[in-house]
1. Which ordering of Trp10, Trp54 is given by a fewest-first count of other beta-carbon atoms within 10 Å?
2. For the chain, set up a Gaussian network in which alpha carbons nearer than 10 Å are linked by springs, and say which option among Ala23, Ala242, Ala185 fluctuates the most.
3. Between Val257 and Ala287, what is the FRET efficiency for a Förster distance of 35 Å, r being their Cβ-Cβ separation, to the nearest 0.05?
4. With charges set only on the Cβ (+1 for Lys and Arg, -1 for Asp and Glu), what does the dipole of the chain come to about its Cα centre, in debye to the nearest 20?
5. Take the alpha-carbon centre of region 131-189, take the same for region 236-257, and report the distance between them in whole Å.
6. Please tell me the relative contact order of region 42-162 in percent, rounded to the nearest whole number, where contacts are Cα pairs under 8 Å and at least six residues apart.
7. Per 0.36 nm of contour for each residue apart, how much would the distance between Asp124 and Asp275 grow if the chain were fully extended, relative to their Cα-Cα spacing?
8. Under a crude label model (7 Å from the Cα following the beta-carbon direction), how far is Asn181 from Glu106 in nanometres?
Amino acid sequence: MSRPLVRPAWLIGAGVAVLVDRALGEPPTPIHPVACFGRAMTALERSLYRDSRWMGVVHATLGTGAGLVTGLLVRSTVVANYVAVGGRSLAEAASAVARSLDLDLERARSLLPTLVGRDPSDLDAPEVARAVIESVAENTVDAIVAPTVWAAALGPAGALGYRAVNTMDAMVGHHSTRFENYGWASARLDDVVNWIPARLTAALVALVRPRSVTTIVRGVRTQAPLHPSPNAGVSEVAFAAALGLRLGGRNRYDDRVEIRPPLGYGRTGTGDDIDDAIRLSRDVSLALAALLVGTGVAVAVARA
């Protein structure tokens, strides 16, 4: 007998892991499995590195395979997705910047690299707030919705396979002289695995902020395609629309400057809006968990 495509245990386990992360936070960094994976991939990069897309394909293949195999060995969807999800740590990092922003701009700037890759040295308070809100929006996909969706679809292998892909993208998938070619495969693979979760995130934002549905849909249709990322613009414009903000603008990355398109139709963000973005991210994660657990229980009862 063939196995059913929808497994209640995966659905329930994926949702429960989101709640466990909210309650406990992530494991300590020195023993965090994702940190261990990062150290292993750094060693692999040193061994494999060539200024070549093909060697980057090898890097991405080995890393993804390691995540998938580890998930198959772990077997528990709750454990695997708890390792893969980072919603509480995202909220804590964003909150730390928000608290500092009201008192000490330099301190807020110094904390910003925990969330974004842009150069914070010349950012004023509204630009720091924008950076944090954009990061919360994008990382609601990367750190919460995407691993949970893949855990629900493929079980433990989906959760840890996704986390491997996203970690490699963070490590080598950015624009730089060293990684423009080597990191190409990791970046494109990350785009693929985040495509559905990014749009599901926008739908969840609309679900938990129903008064903003029309603006969210308009922004996703007309503004998100202008963003250089096929996925980040979707979540950022959904957050901007729900919060009544306007995101986008000039971002500096070392010696490189990018002009991001306007996202949303409202005002410039402030430190207080960071807290609203954190609450929105929390509500999205709780809605996702409730939907998965509820659906899993309903399917299990229907099959009993």
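1. Numbers: Trp10 23, Trp54 12.
Ranked by crowding around the Cβ, least crowded first: Trp54, Trp10.
2. Ala23
3. E between Val257 and Ala287, to the nearest 0.05, is 0.45.
4. Details: 31 positive and 28 negative charges, 210 e Å.
Dipole of the chain, to the nearest 20 debye: 1020 debye.
5. Value for the Cα centre distance between the two parts: 19 Å.
6. Working: 127 pairs, mean separation 46.9, N = 121.
Relative contact order for region 42-162 comes out at 39 percent.
7. Details: separation 151, 0.36 × 151 = 54.36 nm, distance 1.81 nm.
Going from the current span to full extension adds 52.6 nm.
8. Label-label distance for Asn181 and Glu106, simple model: 4.3 nm.
Where a number appears in this text, it was derived from the coordinates with a stated rule and is not lab data. Please read all numbers here as calculations on a predicted model, not as lab measurements. Cβ: placed from backbone, ideal geometry, glycine included. Neighbour counts: every protein chain shown.
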